[in-house]
Amino acid sequence: MELQTGTLTDQAPANPAATDDMLATQPVGYWCGLTHATVTRHLRDAMAKIDVTQPQYWVLNRVNGGPAAPSREEVVAQLTHLADGPHEIARVVDQLLHREWLRTDDGQRLHLTEAGEAARARLRELATEVRAVVHQGISDEEYVAALKVLRRMVANVEGAGGS
């Protein structure tokens, strides 16, 4: 790969113990994957302590987050790409209906119940607490810079036709 300075940087094998001076050679996929797995596990562990799953939080937010109440099919279509499988979101809707955190109206649209809204608000607080732990020692400017770099890498690959 060629840097803007015109020099080439070798791609080294992933090394969790890489020193700062070695980081430029590290594979971004490894570090993004490790970050994703670690942060997701931390969040899901925190949610498990209050008997909730991350996909349940996604569904509660989606049902709450639009201008109109969504149908079950709309929620499933909008969230399945995030899920661990093609049937997970439909199951979560069923769980939340059973738990009485969701209800359906006469048009089969989904709505939060009072208990569902209370759970969603508590989960938002929990997610904010987890975010504070994850972002400890990282300024908003550093976080934005990191995301801009990742967004640029995605654009670079997509612009190359995914090759």
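The values are calculated or read from the model by the stated rules, or taken from the named source; none is laboratory data. Just so it is clear, the structure is predicted and the values come from calculations on it, not from any experiment. Cβ atoms come from the backbone with ideal geometry, glycine included; neighbour counts cover every protein chain shown. Please note that ligands, DNA and RNA were not included when accessible areas were found on the heavy atoms of the full protein model with its side chains. Shrake-Rupley method; radii C 1.70, N 1.55, O 1.52, S 1.80 Å.
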With the condition kept exactly as written, say whether any residue in region 24-31 is touching a residue at least 40 places away in the same chain (Cβ under 8 Å), surrounded by 10 or more Cβ atoms within 10 Å (Cβ to Cβ), out of contact with any Leu (no Cβ under 7 Å at 6 or more places or on another chain) and more than 30 Å from N156 (Cβ to Cβ). no
Against the conditions (1) in contact with a helix residue (DSSP H, G or I) (Cβ under 9 Å, 6 or more places away or on another chain); (2) within 17 Å of R120 (Cβ to Cβ); (3) modelled with pLDDT of 95 or more, where does A90 fall short? Just the number, please. (2)
Give E125, E129 a once-over and let me know the one that is under 30 Å from V28 (Cβ atoms) and exposed (fewer than 14 other Cβ atoms within 10 Å of the Cβ). E129
When residues of region 46-97 are limited to those that are touching a residue at least 12 places away in the same chain (Cβ under 8 Å) and of a type in the set (S, T, Y), the one farthest from A118 (Cα to Cα): S71
Can you confirm whether R99 is surrounded by 11 or more Cβ atoms within 10 Å (Cβ to Cβ), within 21 Å of T35 (Cα to Cα) and of a type in the set (D, E, K, R)? no
Take the residues in region 38-57 that are open to solvent by less than 50 Å² (accessible area, probe 1.4 Å) and part of a helix (DSSP H, G or I), then tell me which one is nearest to A121 (Cα to Cα). Y57
Search region 132-163 for residues being within 19 Å of G29 (Cβ to Cβ) and among the polar types (S, T, N, Q), and hand back the single one that is least open to solvent (accessible area, probe 1.4 Å). N156
